[in-house]
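Below: one structure, written as structure tokens.
The values are calculated or read from the model by the stated rules, or taken from the named source; none is laboratory data. Source: prediction; values computed, not measured. Neighbour counts are summed over all protein chains in view; Cβ atoms, including those assigned to glycine, are modelled from backbone coordinates with ideal geometry. Side chains are part of the model used for accessible areas, which takes the heavy atoms of the whole protein and leaves out ligands, DNA and RNA. Shrake-Rupley method; radii C 1.70, N 1.55, O 1.52, S 1.80 Å.
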Amino acid sequence: MAEKKVSLPAKLINGGVAGLVGVTCVFPIDLAKTRLQNQQGVQVYKGMLDCLAKTIRSEGYFGCYRGAAVNLTLVTPEKAIKLAANDVFRQKLSRDGHLPLWGEVLAGCGAGTCQVVVTTPMEMLKIQLQDAGRLAAQRPVPTPAQAAAPGPAPSLVAPPPARPSQPPRPSATGITVELLKTRGLAGLYRGAGATLMRDVPFSMIYFPLFANLNALGVEKVGNVQARAPFLQSFVAGCAAGSVAAVAVTPLDVIKTRLQTLQKGEGEDTYRGIIDCTRRIMMREGPAAFLKGATCRALVIAPLFGIAQVVYFLGVGEAVLGLLE
């Protein structure tokens, strides 16, 4: 069976649908990844399952979806840019219908570079919302004895002192407005260099690895590549996504730490990528750079598996067919 040619508009629709479905399915694991990566001194969570259990207990089931609205809003343009850029670069670098390995790597590099325009502010906002629950869990809670202890007699003139209230939950709109007021557009692009350092290697690993795994054992009919079976494409997408995700986890840890604005008590703040790398190495050791690696693999593999399902079903082609 010859490889089905998919138009760019159909690819963009497929990528957007896959992103929306994927984010909805795996967002709680992504939230656990962010909270685990940000832990420095106080160990609020022992692992992914412990993090999810404590989040549901203290914030309810929908607490696992803090920041999901930002992702759901921006994931479609992010996927559209990534897929479109990768297609354009692959076409430009192809010679007589053949794309060498170095061309695949360069095309992935170009796609990863272009998507940073949307990825950086999306990740910036998402991380603040995801990490708010971890910071709240670190705040000391008064014991029953402290709560019941009699305070000073109330004044007949002055009103009684107000009890400290919980800080309001942050919102994406509030964070955006505050960043634009205090730091300008650059505030939304904090950590752009670290995002670039993560996304470019990811795309350079993922796209060539997927293309080669997907082509294993599939023969050409003339100059046309036969279409790989669905199961092979599904496994290739999951495997390539997992390998690329784990490979760039150290860069993701650095990016997450740099983009986190609010820190817990005794937690480090960083002046840049080099300072962040040095402080993590000195205070937490090399193992800290792999925090959340399992979560990343569990997030990325289903995302690309879902993408293969969407492409196989031809959702984009069906939508375009209805519009014609």
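Could you size up the charge dipole of the chain around its Cα centre, putting +1 on the beta carbon of Lys and Arg and -1 on that of Asp and Glu, and report it in debye to the nearest 20?
Taking the Cα centre of the chain as origin, the dipole is about 580 debye.
Say we join alpha carbon atoms closer than 10 Å with springs in a Gaussian network model of the chain; which of 123, 78, 59 then has the biggest fluctuation?
Result for the chain, Cα springs under 10 Å: 59 fluctuates most.
Lys/Arg Cβ at +1, Asp/Glu Cβ at -1, dipole of the chain taken about the Cα centre: which of 242, 81, 53 is farthest positive-ward?
53
Which residue fluctuates the most in the chain, going by a Gaussian network model with Cα springs under 10 Å, if the choices are 54, 82, 126?
54
How about segment 198-274: which chymotrypsin sites (Phe, Trp or Tyr not before Pro) there are in a DSSP loop, with at most 16 other Cβ atoms within 10 Å of their Cβ?
Here no chymotrypsin sites (Phe, Trp or Tyr not before Pro) fit, given the DSSP loop and packing criteria.
Sort 275-282, 91-98 for me by packing, meaning the mean count of neighbouring Cβ atoms within 10 Å per residue, highest on top.
Sorting 275-282, 91-98 by mean packing, highest first, produces 275-282, 91-98.
Could you give the accessible area per residue of the chain, probe 1.4 Å, as a whole number in Å²?
With all protein chains present, the chain gives 52 Å² per residue.
Excluding ligands and nucleic acids, what accessible area in Å² is computed for residue 13 using a 1.4 Å probe, to the nearest 10?
Looks like 50 Å² after rounding.
Where does the chain land at 222 nm, in deg cm²/dmol rounded to the nearest 500, when only DSSP H runs of n ≥ 4 count, each adding -39500 (n - 2.57), divided by all residues?
-23000 deg cm²/dmol
Could you work out the relative contact order of the chain, using alpha carbon pairs under 8 angstrom and six or more residues apart, expressed as a whole percent?
29 percent
Taking a threshold of 23 Å on the Cα-Cα distance, which of the pairs 54/82; 54/126; 92/126 fall above it?
54/82; 92/126
For segment 211-324, with the dipole built from +1 on Lys and Arg beta-carbon atoms and -1 on Asp and Glu ones, taken about the Cα centre, which of 230, 253, 211 lies farthest toward the positive end?
Checking the options against the dipole of segment 211-324, the answer is 253.
Round to a whole angstrom and tell me the spacing of the C-alpha centers of segment 258-321 and segment 84-134.
Using only Cα atoms, the two centres lie 14 Å from each other.
Please compute the volume of the convex hull spanned by the alpha-carbon atoms of segment 36-109 and report it per residue in Å³.
Measuring per residue, one finds 147 Å³ for the Cα hull of segment 36-109.
What percentage of the solvent-accessible surface of segment 60-122, computed with a 1.4 Å probe over protein heavy atoms, is contributed by carbon and sulfur atoms?
In segment 60-122, the share of accessible area belonging to carbon and sulfur is 69 percent.
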